[in-house]
Each structure stands twice: as structure tokens, then as C-alpha cells.
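Taking it in order: structure first as C-alpha cells, then the write-up.
The values are calculated or read from the model by the stated rules, or taken from the named source; none is laboratory data. Since this is a predicted model, take the numbers as computed values, not measurements. As a convention, Cβ positions derive from the backbone with ideal geometry for all residues, glycine included, and neighbour counts pool all protein chains shown.
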Amino acid sequence: MLSRRSLLLTPSLLILPRMARAEAPRRIVSIGGAVTEILYRLGLDQEIVGVDSTSQFPADALKTKKDVGYMRALGAEGILSLNPTLVLATEGSGPPDALRLVEQAGVPIIRIPDEPSAAGILRRVELVAQAVGAAERGKALTGEIEQGFARLSEQKKKVDLSVRALFVLSLQNGRPLVGGQGTTADAMLGLAGATNVASSLVGWKPLSDEGIIGAAPDAIVMMDRGPGGAAPDPFALPAFAGTPAAAKRRLVVMDALYLLGFGPRTPDAARDLMAALHPDQMP
């Protein structure tokens, strides 16, 4: 029979393991460059144990955290080897079977929408902050982003927004893959006040030589590194050589995540793109 002293101690002894588990440090795997950037801005970088290869900012992310691979080609083993307690994944991450195995192993996955718009960014920050119990810091961050978009709106009023731009994701066998409706490229051109000359297309589509000549873009916008590597010179191709953009050598090349990540830095990225498209109108 247990003594009265034993009976008094037993509940406390039973509680101790539970308390230890509750106080164990959180281990987050972050999938998606914008999600990782938000976590850093919320001051939670010490809780991140793994990131995907699109987590290019801040630079410390891929230098100090385990790289679990490209967000659309993940492996369950690589994620689970980090003993995560939470996975935050941008919608579209996968493949689905890999993430299903992670969930079956008991690791919760919270999927974060990636709508490319000002409202979408604010919602993304809000959801990430809620997921990690940092609602107040999330509100402060969304406030900063809203102020950034407000400044962008004021700057737009001072600029002649007549530039016709073409966003080229890559050149495949001499044919450009361009951003049409529904792409992050189309959304970013809109934020910067430019007209997307590929708006008759939907999604990322190849554009023929005739299409390039007919579109007559005033400027070409590209990422510094695309699916095929470093950005090539589009004006070396005959179809581009005859465009108004080539006549003025108006080629804007920007950091990929900064330009298309739609994270906390997007108001600044849109402002920088607008300045590059209107060098004679903005300071």
C-alpha cells in the first residue's frame, strides 16, 4: 500500500513529464521564401530548424538552417529528420504525398495562402503570426506593410504610368516564357503602375516572335536568376531587337524573391520597380 507521503507526491511526479514536454523548444520547418521572411521579421528565427531552397532572404536562412529542398519537390524524410514540431508551408508546396507522410508522422502542417496582392500579403502575415502565437508582433508587421503600400500609392500619383512592360521569366530555345494574367509578374507590374503587354495570356506562357513584335513593350522586366540560371540579354534576339524597349535599352533586372516573393518587402520592391521603369520621374 502507498504511504500518504507517496500519494501526495505521485500527482506532482506525473505532471513533471508533461511540463517538460510543454516547455520543449518549438522546431519549425518553413517552406516558402515569404513565409521564412515573415518568421524572421517576427523574431522567430531561432525556432526555425529547416527551410526550403526558395528561402533566399535573409541570407542567413540558408546558411544557418537545414535546406530541405525545393518547395515543390520536397521529401518527407528530409523534413522528418529535423524532428519538427510544426511545418509552415506556402500553398502549392509538395508533392502532396510527401506532406501527407509528414502529417501521418504526427507533425502538424499549416498551409499559408500565397495570393499575390497587398491584401494577400497582409493575410499571409496574419496567418503565420497566429500559427506561432505572435499575434501582436504580426499586427505590428502588418501595420508597417500597410504604411509601405500607402507610400507607394502616393508615389504613383506623381508618375506618368504609361509604360508598357513585358515580364520575361526565362528564354527557352530562344522563345520567352512570359507572365500573363494571374501570375505574380502580372500582379507586380500592376503594383508598379505598369501595363502588362502580355495580359491577353493566362499564366506563364511562351510568346512567339510575332507576339513580341506586336506587343511592342517599352521595357523588359526579368529576375536576376530564373529557372535557367542568370538572366540572359533578351535584346540579343531579333524579335526583341525591334521593340521600343531595345531602342532605349530598357531592361530591368531585380532579385527574384524581392520582386516576386510577395512578402513584407513587396511595397519597397514595387517602388524600386516603378523607379526603374520611370528613371526620369522618380528620385
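Restricting attention to the stretch 36-63, the residues that are without any contact (Cβ under 8 Å) to a residue 12 or more places away in the chain and assigned to a helix (DSSP H, G or I) add up to 3. If we scan the stretch 147-156, do we find a residue that is surrounded by 16 or more Cβ atoms within 10 Å (Cβ to Cβ), within 25 Å of residue 272 (Cβ to Cβ), outside the structural domain of residue 184 (by TED's automatic domain parsing) and within 18 Å of the chain's Cα centre (by Cα)? There is at least one residue in the stretch 147-156 that is surrounded by 16 or more Cβ atoms within 10 Å (Cβ to Cβ), within 25 Å of residue 272 (Cβ to Cβ), outside the structural domain of residue 184 (by TED's automatic domain parsing) and within 18 Å of the chain's Cα centre (by Cα). Filtering 101, 166, 141 for residues that are over 23 Å from residue 44 (Cβ atoms) and out of contact with any strand residue (DSSP E or B) (no Cβ under 8 Å at 6 or more places or on another chain) leaves a single hit, 101. Scanning the stretch 90-129 for residues that are under 14 Å from the mean Cα position of the chain (by Cα) and either without any contact (Cβ under 8 Å) to a residue 40 or more places away in the chain or surrounded by fewer than 19 Cβ atoms within 10 Å (Cβ to Cβ) (or both) yields a total of 9.
To keep it simple, each residue is scored yes or no on (1) assigned to a strand (DSSP E or B); (2) buried (at least 17 other Cβ atoms within 10 Å of the Cβ).
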site	(1), (2)
161	no, no
168	yes, yes
171	yes, yes
176	yes, yes
190	no, no
211	no, yes
214	no, no
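Given the conditions (1) without any contact (Cβ under 8 Å) to a residue 40 or more places away in the chain; (2) buried (at least 20 other Cβ atoms within 10 Å of the Cβ), and given that residue 202 satisfies all but one, which numbered condition is not satisfied? All conditions are met except number (2).
Residues in the stretch 69-92 that are of a type outside the set (Phe, Trp, Tyr) and part of a loop (DSSP other than H, G, I, E, B): how many? Before the answer, list the steps.
In the first step, residues of the stretch 69-92 are kept if they are of a type outside the set (Phe, Trp, Tyr); the result is 69, 71-92.
This time we only want the ones that are part of a loop (DSSP other than H, G, I, E, B), so: 69, 71-75, 81-85, 91-92.
Counting residues in the stretch 69-92 that are of a type outside the set (Phe, Trp, Tyr) and part of a loop (DSSP other than H, G, I, E, B) gives 13.
On the phi > 0 side of the Ramachandran plot and out of contact with any Gly (no Cβ under 6 Å at 6 or more places or on another chain): does that describe residue 50?
Details: on the phi > 0 side of the Ramachandran plot: no; out of contact with any Gly (no Cβ under 6 Å at 6 or more places or on another chain): yes.
Criteria not met by residue 50.
Assess whether residue 87 counts as being in the same structural domain as residue 31 (by TED's automatic domain parsing) and farther than 30 Å from residue 191 by Cβ.
Values: in the same structural domain as residue 31 (by TED's automatic domain parsing): yes; farther than 30 Å from residue 191 by Cβ: no.
No: the conditions fail for residue 87.
Set side by side, the residues 209, 224, 186 differ, and just one is closer than 24 Å to residue 119 by Cβ, among the acidic types (Asp, Glu) and assigned by TED's automatic domain parsing to the domain that holds residue 162, which is 186. Residues that are surrounded by fewer than 18 Cβ atoms within 10 Å (Cβ to Cβ) and touching a Gly at 6+ places or on another chain (Cβ under 8 Å) are absent from the stretch 220-236.
Please report, ordered by residue number, the helices (runs of 4 or more DSSP H) entirely within the stretch 241-282 with at least 2 residues that are buried (at least 21 other Cβ atoms within 10 Å of the Cβ) and aliphatic (A, V, I, L, M). If you could, list the steps in order and put the result at the bottom.
Details: elements: 244-247, 256-260, 266-277.
It comes to 256-260, 266-277.
Listed by first and then second residue, the pairs linking a residue in the stretch 143-154 that is in contact (Cβ under 8 Å) with a residue 60 or more places away in the chain and in a helix (DSSP H, G or I) to a residue that is surrounded by 11 or more Cβ atoms within 10 Å (Cβ to Cβ) and acidic (Asp, Glu), with Cβ atoms under 8 Å apart and 6 or more places separating them unless they lie on different chains, are 148/268.
You will find that of 217, 232, the residue that is in the same structural domain as residue 162 (by TED's automatic domain parsing) and touching a residue at least 60 places away in the same chain (Cβ under 8 Å) is 232 and no other. Each residue in the stretch 130-142 was checked for being out of contact with any Asp or Glu (no Cβ under 8 Å at 6 or more places or on another chain) and touching a residue at least 60 places away in the same chain (Cβ under 8 Å), and 3 of them qualify. From the list 106, 120, the lone residue that is under 25 Å from residue 86 (Cβ atoms) and assigned to a loop (DSSP other than H, G, I, E, B) is 106.
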